[in-house]
Amino acid sequence: MKRANGVKSARVVQVIETKASRGLGTEKDPVRDVTQYWDLEGNFLAEMDCEPQYLSELSIWENERLSKIIEDLKEEQTPQRN
């Protein structure tokens, strides 16, 4: 399996940075500022939401996604017995 070796290149590019309020104002969904990044054609690129609950849920989702990828790779590499 080939693995990524880190950053291959880096450059400075122009983007639009916006700040938006998000959240319902509850304990589980507090109102907070979210930073969004857009290209100059108006296409959404990325978002930064530092709410701990959101980050926790995102971490769990990413862990499950990567676990599934690893399981699939293991199945592909395991020789099939007839």
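For the reader, a short list of remarks on this structure follows.
- Note on the chain: lysine pairs with Cα distance below 28 Å, sequence gap of 8 or more or different chains, count 5.
- Where trypsin sites (Lys or Arg not before Pro) fall in DSSP loop in the stretch 28-79, at most 10 other Cβ within 10 Å: 28
- Cα-derived Rg over Rh, computed across the chain with Rh taken as Kirkwood radius: 1.14
- The residue list 50, 40, 7 was ranked by how far each Cα lies along the charge dipole of the chain toward its positive end, using unit charges on Cβ atoms, and 7 comes out on top.
- Computed E for residue 28/residue 50 - FRET, C-beta separation, R0 22 angstrom, nearest 0.05: 0.90
- In plain terms, the chain is cut at each of the GluC sites (Glu not before Pro) found in a DSSP loop with at most 10 other Cβ atoms within 10 Å, and the longest leftover piece is 42-82.
- Percent RCO, i.e. relative contact order, over the chain, from Cα pairs under 8 Å lying at least 6 residues apart: 17 percent
- Relative to the longest principal axis of the Cα atoms of the chain, the long axis of helix 52-77 lies at roughly 20 degrees.
Values in this text are rule-based calculations from the coordinates and carry no lab data. Because the structure is predicted, anything quoted here is derived from the model rather than measured. Note: ideal-geometry Cβ built from the backbone for every residue, glycine included; neighbour counts use all protein chains shown.
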